[in-house]
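What follows is one structure encoded as structure tokens, with my remarks underneath.
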Amino acid sequence: MVEQQFPGALAEGEFIEKLVILLEQNNVVVGDNSLLATSFCCDEVNRSLDSKLCEAFGGQNFSMGGLAGFPFGGVTSFGAFSHHIPKPGGSAVVVYAPHVGVDSTGVVGKVDRRGMPASGACCGSACAALNFCKEQLEKDQAEQFTPQVDFLDAQQAWVGQALLPHGKEVVDASNPMAQLPRALYTAQKEAMHKIITAAAPGNVPENTPLVLVGGIQINTPTGTPDFFLPLQCELRSPAGEVQADLLAELMDQNDTKWMSPERPNDTSETISG
């Protein structure tokens, strides 16, 4: 099932429970005196994680995300979020992730949606970006890529452009749909780092712990829990500087298998078992 393609993934409820316990152990305030920011895809299948995280971190969240989970709110949204953090004595928790579906037959990259006769693409934006990358890779190297600037689909244009440097590794993977969210995560991690570096100093209140959690959201059929694969869990200063890497504590092990998802003789697009 999910663990075969995404080893280390936790059921949503287990992930949040472990995160809360870990933060309390590290003297980070949770509950009403914390403020949550999330950066997840617009897709309705992702609202479950938003809601569960809100229950643990004050009941509301600041939404930074857009298509594929990229933090399109950027520096402006993080600055506004920072000024909403409870003070004194509050905390800030930021959780971001691309997402991928696993449908009832075990196919990665699809999900069974409410009221639909068959499973469909998930994440649709990610799949469209991958198709864009395939088109670019097939072009002559001398043919220059011109970024799209049409505001009517600006976010999707950005997703495709952000994925392009990772396009070949996704296309060449034994299971491209399992590699795709990993590539998007890498791009989003870089974007989030730039945003925090630019916007945290002078905006996050003094003596406020800033927690940054990144991973991959895994959507599953109704009746089974959705999952979250944590890939980053850091305690940062108000200036955005890393003070402690908490990922190993969150996972109870220093597991980096996600970085090498390829498996010998694994050419299947499905998850069996």
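Quick notes on this structure:
Let's see how each residue does on (1) under 19 Å from residue 229 (Cβ atoms); (2) of a type in the set (A, V, I, L, M); (3) surrounded by fewer than 24 Cβ atoms within 10 Å (Cβ to Cβ); (4) without any contact (Cβ under 8 Å) to a residue 40 or more places away in the chain:
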| position | (1), (2), (3), (4) |
| --- | --- |
| 30 | no, yes, yes, no |
| 41 | yes, no, no, no |
| 62 | no, no, yes, yes |
| 83 | no, no, yes, no |
| 90 | no, no, yes, no |
| 108 | yes, yes, no, no |
| 128 | no, yes, yes, yes |
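- Taken over segment 19-49, the criterion of being farther than 22 Å from residue 109 by Cβ and within 20 Å of the chain's Cα centre (by Cα) is satisfied by 19, 20, 22, 23, 35, 36, 37, 38.
- Qualifying residue in segment 161-184 (condition: in contact with a Pro (Cβ under 8 Å, 6 or more places away or on another chain), charged (D, E, K, R), modelled with pLDDT of 95 or more and in a loop (DSSP other than H, G, I, E, B)): no
- Matching entry among 100, 75, 95 (being under 25 Å from residue 239 (Cα atoms) and either open to solvent by less than 20 Å² (accessible area, probe 1.4 Å) or assigned to a loop (DSSP other than H, G, I, E, B) (or both)): 95
- Hey, residue 188 of a type in the set (S, T, N, Q), more than 14 Å from residue 241 (Cα to Cα) and open to solvent by 30 Å² or more (accessible area, probe 1.4 Å) or not: no
- Some residue of segment 208-227 being in a helix (DSSP H, G or I), open to solvent by 40 Å² or more (accessible area, probe 1.4 Å) and at negative phi: no
- Within segment 43-60, the set of residues being part of a loop (DSSP other than H, G, I, E, B), over 16 Å from residue 217 (Cα atoms) and open to solvent by less than 40 Å² (accessible area, probe 1.4 Å) comprises 57, 58.
The values are calculated or read from the model by the stated rules, or taken from the named source; none is laboratory data. This is a predicted model, so every value here is computed, not measured. All Cβ positions, glycine included, derive from the backbone under ideal geometry; neighbour counts span all protein chains shown. Note: accessible area is taken over every heavy atom of the protein model, side chains too, but ligands, DNA and RNA are not part of it. Shrake-Rupley method; radii C 1.70, N 1.55, O 1.52, S 1.80 Å.
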